[in-house]
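Undergrad: The following block contains the structure, expressed as structure tokens.
The values are calculated or read from the model by the stated rules, or taken from the named source; none is laboratory data. Keep in mind the model is a prediction, meaning the values are calculated, not measured. Neighbour counts run over all protein chains shown; Cβ positions are idealised from the backbone, glycine included. Note: accessible area is taken over every heavy atom of the protein model, side chains too, but ligands, DNA and RNA are not part of it. Shrake-Rupley method; radii C 1.70, N 1.55, O 1.52, S 1.80 Å.
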Amino acid sequence: MSTKTPTRPPQSNLARRKRAERVFYALCLAATFTAVLLLVLLLYGVIRDGIGRLNWEFLQSFPSRFAHRAGIKAALYGTLWVISLTGLIAVPIGVAAAIYLEEYAQKNRLNAFIQMNIANLAGVPSVVYALLGLALFVRFFGFGRSVIAGALTMSLLILPTVIIATQEALRAVPSSLREASFGLGATRWQTIRLQVLPAAFGGIMTGIILSLSRAIGETAPLITIGALTFVTFVPRGPMDSFTALPIQIFNWASRPQQAFHEVAAAAILVLLAVLLVMNSIAIFLRQRQRRRLS
Amino acid sequence: MIKLENMEFNGQQQAQTKTMAAAAVPTPDVAVRSQKREETVRAEAKDVNFFYGDFQALKNINIHVFDRRITALIGPSGCGKSTFLRTLNRMNDLIEGARVEGSITIDGQDVNAPGVDAADLRKRVGMVFQRPNPFPMSIFDNIAYGPRIHGEKNKKALGEIVERSLRQAALWDEVKDVQKRSALALSGGQQQRLCIARVLAVEPEVVLMDEPASALDPNSTYRIEELMTELKNDYTIVLVTHNMQQAARVSDYTGFFLRGEMKEFGATDKIFTTPEQKETEDYIRGRFG
């Protein structure tokens, strides 16, 4: 039975494996530092140029042809208007679509086709949405170069990502929660409203906020639908024309005068601050969610 | 033990309107053994076949579930016992591509008939799952969830339901002062008793238990078993279990499942002492599974 066949002792390649380990570690570390270093350099440049111009007056002034008087009131209000409306339009539609796809839809060809298209739409360049928005909202519906036309175009742009993020959040809700609810005789809608949505709330909000953050920084769609670049008023309603922070930044940065570059840098700082606040909210909500479910 | 139970049966007989002799049970040996016993049929499966897509998970299942008895379903993993359990409250409706044939009746009513609403059925046929799955809510809200979704709004009534259910599930003394606390803070065994209380709060007629103690420690398991024996006075229980000692300890009837078929069904002491089938004997002696 157990006649011993002489076996060679396994050759030790430990030293070689450890060397590979160290090389890989160094590579990863270098990659991380490259990314962080670039970010730091960028931030340093912007802060150095812009911090001097950043004050309350800057936030409260309209643009001017004199750099020292120029402010971002119109652009800031325009951005807030567009983003708020975009949220109001895209969030209900996106969340409802995700609930349908995730909780109600049967697995058939049509729904698989819809699902595939949504994934593809998420990768379509923003300028394509912009052209659609120009043809549809600005011209066909006659909204002109208004806040609502901009918000609708932005909504188209972020809808796929809102849907996908929401679907993922819904999928992350443990099925045991659904079963418990169904098992007590709850209808599908009761289960979704009382169990699934509250459990997915953090994830859904994270997706929405990240999508809106993306929309804030988008410039191409707004330029394409004809947002103005020099505006000395704040929009009073969704049908007013407007400008937005990225457009204003682009406008100032493309001027030859150094003073305007500083104004642009200050505006970038404001934009970054808005984004930072939004992302912090997303992180906060995700953390709270994690604590609630554990 | 058996004698005591028999006396109890006789006492109950007067109250029973729809009675039938256990002789109608398809497996003949049960009839021989307990021909004196009379039981009410609460649920019945006739020629039930079940498919996940092309895979047939259940083959020709015939079984009677008797009123206020514990019916245990045993068998190795993947034998179809949980699948069968879930046909009783149509939990399998939630699985895409699942299909059921044959008739399953609760109190004579076909659960798959066109007019029967699954949500309404699940109110009558409650379910306790393998892993305790309390909602991420307070203890009170967990229990009140069922009554609330069925339309109970009165705070006083809800409070009474919660207390009664927690008492029935032998959890009241432990949690009565901390009902506002999150149910997730309870221990595993307490969570499972909470889940049982949650089911009892909607006053089901039948309670399905899918390995309710398999994720619990021995002490908690003991308490759940004790609870089941207690609940038997008011509820009809169908218990799926991997634990043969558990089936032997708590159940009145046992069905042995193997590869999607029910190999044997009968009174529990009969199944565990003198089974008819070789496979049943091998399984309960621990020779496989």
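Undergrad: Of all residues in the range B:129-161 being within 14 Å of chain A (Cβ to nearest Cβ) and of a type in the set (Val, Ile, Thr), which is least open to solvent (accessible area, probe 1.4 Å)?
TA: Applying the filter and picking the extreme gives B:ILE143.
Undergrad: Restricted to the range A:164-183, and to residues that are among the hydrophobic types (A, V, I, L, M, F, W, C) and either open to solvent by 40 Å² or more (accessible area, probe 1.4 Å) or within 28 Å of the chain's Cα centre (by Cα) (or both), which residue is nearest to the other protein chains (Cβ to nearest Cβ)? Break it down into steps so the answer makes sense when it comes.
TA: Step one: filter the range A:164-183 for residues among the hydrophobic types (A, V, I, L, M, F, W, C), giving A:164-165, A:169-170, A:172-173, A:177, A:180, A:182.
Remaining after also requiring either open to solvent by 40 Å² or more (accessible area, probe 1.4 Å) or within 28 Å of the chain's Cα centre (by Cα) (or both): A:164-165, A:169-170, A:172-173.
Values: A:ILE164: 21, A:ALA165: 21, A:ALA169: 15, A:LEU170: 15, A:ALA172: 13, A:VAL173: 10 Å.
Residue satisfying both the conditions and the ranking: A:VAL173.
Undergrad: Pull up the range A:184-197, narrow it to residues that are out of contact with any Phe, Trp or Tyr (no Cβ under 9 Å at 6 or more places or on another chain) and open to solvent by 40 Å² or more (accessible area, probe 1.4 Å), then point me to the one that is farthest from the other protein chains (Cβ to nearest Cβ).
TA: Once the filter is applied, the top-ranked residue is A:LEU197.
Undergrad: I need the full set of residues from the range A:53-66 which are within 17 Å of A:GLN257 (Cβ to Cβ) and exposed (fewer than 12 other Cβ atoms within 10 Å of the Cβ), in order please.
TA: Once the filter is applied, which keeps residues that are within 17 Å of A:GLN257 (Cβ to Cβ) and exposed (fewer than 12 other Cβ atoms within 10 Å of the Cβ), the range A:53-66 yields A:ARG65, A:PHE66.
Undergrad: Then there's this: Starting from the range A:89-105, take each residue that is free of Cβ contacts under 8 Å to residues at least 60 places away in the same chain and list its partners that are surrounded by fewer than 17 Cβ atoms within 10 Å (Cβ to Cβ), counting only C-beta distances under 6 angstrom and pairs at least six apart or across chains.
TA: Cβ pairs passing all conditions: A:ALA105/A:ASN111.
Undergrad: Given A:ILE47, A:ILE99, which one is assigned to a helix (DSSP H, G or I), under 25 Å from A:VAL270 (Cα atoms) and within 24 Å of the chain's Cα centre (by Cα)? Full working, then the answer.
TA: Numbers: A:ILE99 fails: under 25 Å from A:VAL270 (Cα atoms).
Selected residue: A:ILE47, the only one of A:ILE47, A:ILE99 that is assigned to a helix (DSSP H, G or I), under 25 Å from A:VAL270 (Cα atoms) and within 24 Å of the chain's Cα centre (by Cα).
Results for (1) modelled with pLDDT under 90; (2) within 19 Å of the chain's Cα centre (by Cα); (3) under 20 Å from B:PHE84 (Cα atoms), shown as yes or no for each residue.
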{"residue": "B:ALA215", "(1), (2), (3)": "yes, yes, no"}
{"residue": "B:SER220", "(1), (2), (3)": "yes, yes, no"}
{"residue": "B:ARG223", "(1), (2), (3)": "yes, yes, no"}
{"residue": "B:VAL240", "(1), (2), (3)": "no, yes, yes"}
{"residue": "B:ASP252", "(1), (2), (3)": "no, yes, yes"}
{"residue": "B:GLY255", "(1), (2), (3)": "no, yes, yes"}
{"residue": "B:GLN277", "(1), (2), (3)": "yes, no, no"}
{"residue": "B:THR280", "(1), (2), (3)": "yes, no, yes"}
{"residue": "B:GLY289", "(1), (2), (3)": "yes, no, yes"}
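Undergrad: Only one of these is under 24 Å from the mean Cα position of the chain (by Cα) and touching a residue at least 40 places away in the same chain (Cβ under 8 Å): A:VAL231, A:VAL263, A:VAL270, A:VAL277. Name it.
TA: Details: A:VAL231 fails: under 24 Å from the mean Cα position of the chain (by Cα); A:VAL263 fails: under 24 Å from the mean Cα position of the chain (by Cα); A:VAL277 fails: touching a residue at least 40 places away in the same chain (Cβ under 8 Å).
Residue meeting the stated conditions: A:VAL270.
Undergrad: Sticking with this structure for a sec: Starting from the range B:267-289, keep only residues that are at positive phi, then list their pairs with residues that are assigned to a loop (DSSP other than H, G, I, E, B) and at pLDDT 85 or above whose Cβ atoms are within a distance under 8 Å, requiring at least 6 positions of separation or different chains.
TA: Correct list of pairs: B:GLY289/B:GLY75; B:GLY289/B:PRO76; B:GLY289/B:SER77.
For (1) more than 30 Å from B:SER182 (Cα to Cα); (2) within 14 Å of chain B (Cβ to nearest Cβ); (3) polar (S, T, N, Q), each residue gets a yes or a no:
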residue	(1), (2), (3)
A:MET205	no, no, no
A:LEU212	yes, no, no
A:ALA220	yes, no, no
A:GLY226	yes, no, no
A:ILE268	yes, no, no
A:GLN287	no, no, yes
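Undergrad: On to the next question. Condition first: part of a loop (DSSP other than H, G, I, E, B) and either touching a His at 6+ places or on another chain (Cβ under 6 Å) or not β-branched (Val, Ile, Thr) (or both). Now tell me which residues in the range B:241-274 satisfy that. If you could, list the steps in order and put the result at the bottom.
TA: Initial filter on the range B:241-274 (part of a loop (DSSP other than H, G, I, E, B)): B:241-243, B:251-252, B:259-260, B:274.
Scanning the range B:241-274 gives B:HIS242, B:ASN243, B:SER251, B:ASP252, B:ARG259, B:GLY260.
Undergrad: Those residues that are of a type in the set (Phe, Trp, Tyr) and either within 14 Å of another protein chain (Cβ to nearest Cβ) or part of a helix (DSSP H, G or I) (or both), I need them from the range B:61-97; list them, please. Let's see the steps before the verdict.
TA: Initial filter on the range B:61-97 (of a type in the set (Phe, Trp, Tyr)): B:66, B:84.
Correct list: B:PHE84 only.
Undergrad: Does A:GLY202 qualify as being more than 29 Å from A:ASP240 (Cβ to Cβ), open to solvent by less than 10 Å² (accessible area, probe 1.4 Å) and not hydrophobic (A, V, I, L, M, F, W, C)?
TA: Values: more than 29 Å from A:ASP240 (Cβ to Cβ): yes; open to solvent by less than 10 Å² (accessible area, probe 1.4 Å): yes; not hydrophobic (A, V, I, L, M, F, W, C): yes.
Against the criterion (more than 29 Å from A:ASP240 (Cβ to Cβ), open to solvent by less than 10 Å² (accessible area, probe 1.4 Å) and not hydrophobic (A, V, I, L, M, F, W, C)), A:GLY202 qualifies.
Undergrad: Moving on. Quick one: in the range A:136-155, which of the residues that are outside any loop (DSSP other than H, G, I, E, B) and free of Cβ contacts under 8 Å to residues at least 60 places away in the same chain is surrounded by the fewest Cβ atoms within 10 Å (Cβ to Cβ)?
TA: Let us first name the residues in the range A:136-155 that are outside any loop (DSSP other than H, G, I, E, B), namely A:136-140, A:146-155.
With the extra rule that they be free of Cβ contacts under 8 Å to residues at least 60 places away in the same chain, the set shrinks to A:136, A:139-140.
Values: A:LEU136: 16, A:ARG139: 13, A:PHE140: 9.
Of everything passing the filter in the range A:136-155, A:PHE140 is surrounded by the fewest Cβ atoms within 10 Å (Cβ to Cβ).
Undergrad: Return the residue satisfying two criteria in turn: it lies in the range B:241-281 and is open to solvent by 10 Å² or more (accessible area, probe 1.4 Å) and touching a Phe, Trp or Tyr at 6+ places or on another chain (Cβ under 6 Å), and of such residues it is farthest from B:ASN49 (Cα to Cα).
TA: It comes out as B:ALA248.
Undergrad: Tally up the residues in the range A:243-294 that are outside any helix (DSSP H, G or I), small (Gly, Ala, Ser) and open to solvent by 50 Å² or more (accessible area, probe 1.4 Å), please. Can you show your working first?
TA: Initial filter on the range A:243-294 (outside any helix (DSSP H, G or I)): A:243-244, A:254-257, A:294.
With small (Gly, Ala, Ser) added as a condition, the list becomes A:244, A:254, A:294.
Subset that is open to solvent by 50 Å² or more (accessible area, probe 1.4 Å): A:254, A:294.
Adding up the residues that qualify gives 2.
Undergrad: Being more than 25 Å from B:SER214 (Cα to Cα) and either without any contact (Cβ under 8 Å) to a residue 40 or more places away in the chain or within 14 Å of chain A (Cβ to nearest Cβ) (or both) narrows it down to one of B:GLY102, B:GLY126, B:GLY115, so name that one.
TA: Being more than 25 Å from B:SER214 (Cα to Cα) and either without any contact (Cβ under 8 Å) to a residue 40 or more places away in the chain or within 14 Å of chain A (Cβ to nearest Cβ) (or both) holds for just one of B:GLY102, B:GLY126, B:GLY115, which is B:GLY115.
Undergrad: Go through the range A:70-81 residue by residue and tally those that are in contact with a Phe, Trp or Tyr (Cβ under 7 Å, 6 or more places away or on another chain) and either touching a residue at least 40 places away in the same chain (Cβ under 8 Å) or of a type in the set (Asp, Glu) (or both). Reasoning before the result, please.
TA: Within the range A:70-81, the first condition is being in contact with a Phe, Trp or Tyr (Cβ under 7 Å, 6 or more places away or on another chain), and the residues that meet it are A:71-74, A:78, A:81.
With either touching a residue at least 40 places away in the same chain (Cβ under 8 Å) or of a type in the set (Asp, Glu) (or both) added as a condition, the list becomes A:72-74, A:78, A:81.
Going through the range A:70-81 one residue at a time, the tally reaches 5.
Undergrad: Also, quick follow-up: Could you say which residue among B:VAL207, B:VAL199, B:VAL238 is under 20 Å from B:ARG68 (Cα atoms), part of a helix (DSSP H, G or I) and not aromatic (Phe, Trp, Tyr)? First the steps, then the outcome.
TA: Working: B:VAL207 fails: part of a helix (DSSP H, G or I); B:VAL238 fails: part of a helix (DSSP H, G or I).
So the residue among B:VAL207, B:VAL199, B:VAL238 that is under 20 Å from B:ARG68 (Cα atoms), part of a helix (DSSP H, G or I) and not aromatic (Phe, Trp, Tyr) is B:VAL199.
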